[in-house]
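Below is one structure; the comments refer to it alone.
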Amino acid sequence: MKTVNAGASLAAGLAMTNLGIGDLWLRYFALGGAYPRQKLQAYLDGVGGWSAHEHDVAAHALNEYFVDCGMDHPV
């Protein structure tokens, strides 16, 4: 399984929003994300890697928020 260490890109995208970590995690979980909130926080803080699939689900959750706000997909 491919591991991705790109939590910083998600953290940068999250910083462009008014979402909290809990809000992002709920959106991620609703799209089928499997990791707990604490693991999302650690990933955003640069601790450890995620599977490419889980990273993509989190990025998709964040991108959906941007679309909901009338913006493009920055992550």
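The values are calculated or read from the model by the stated rules, or taken from the named source; none is laboratory data. Just so it is clear, the structure is predicted and the values come from calculations on it, not from any experiment. All Cβ positions, even for glycine, are placed from backbone atoms using ideal geometry, and neighbour counts span all protein chains on display. The accessibility values were calculated without ligands, DNA or RNA, using every heavy atom of the protein model including side chains. Shrake-Rupley method; radii C 1.70, N 1.55, O 1.52, S 1.80 Å.
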**OP:** Could you tell me whether segment 48-64 includes any residue that is out of contact with any Gly (no Cβ under 6 Å at 6 or more places or on another chain), over 14 Å from residue 75 (Cα atoms), open to solvent by 70 Å² or more (accessible area, probe 1.4 Å) and not in a helix (DSSP H, G or I)?
**Re:** no
Original post:
Can residue 13 be described as in contact (Cβ under 8 Å) with a residue 12 or more places away in the chain and open to solvent by less than 30 Å² (accessible area, probe 1.4 Å)?
Top reply: yes
Subject >> Residue satisfying condition, being in contact with a Phe, Trp or Tyr (Cβ under 7 Å, 6 or more places away or on another chain), assigned to a loop (DSSP other than H, G, I, E, B) and surrounded by 14 or more Cβ atoms within 10 Å (Cβ to Cβ), within set 19, 40 >> reply: 19
**OP:** Given the conditions (1) closer than 24 Å to residue 2 by Cα; (2) of a type in the set (Gly, Ala, Ser); (3) modelled with pLDDT under 95, report the number of the one that residue 42 does not fulfil.
**Re:** (3)
Original post:
Is there any pair linking a residue in segment 27-46 that is on the phi > 0 side of the Ramachandran plot to one that is at pLDDT below 95 and surrounded by 11 or more Cβ atoms within 10 Å (Cβ to Cβ), with Cβ under 7 Å and at least six apart or on different chains, and which?
Top reply: 46/7; 46/8
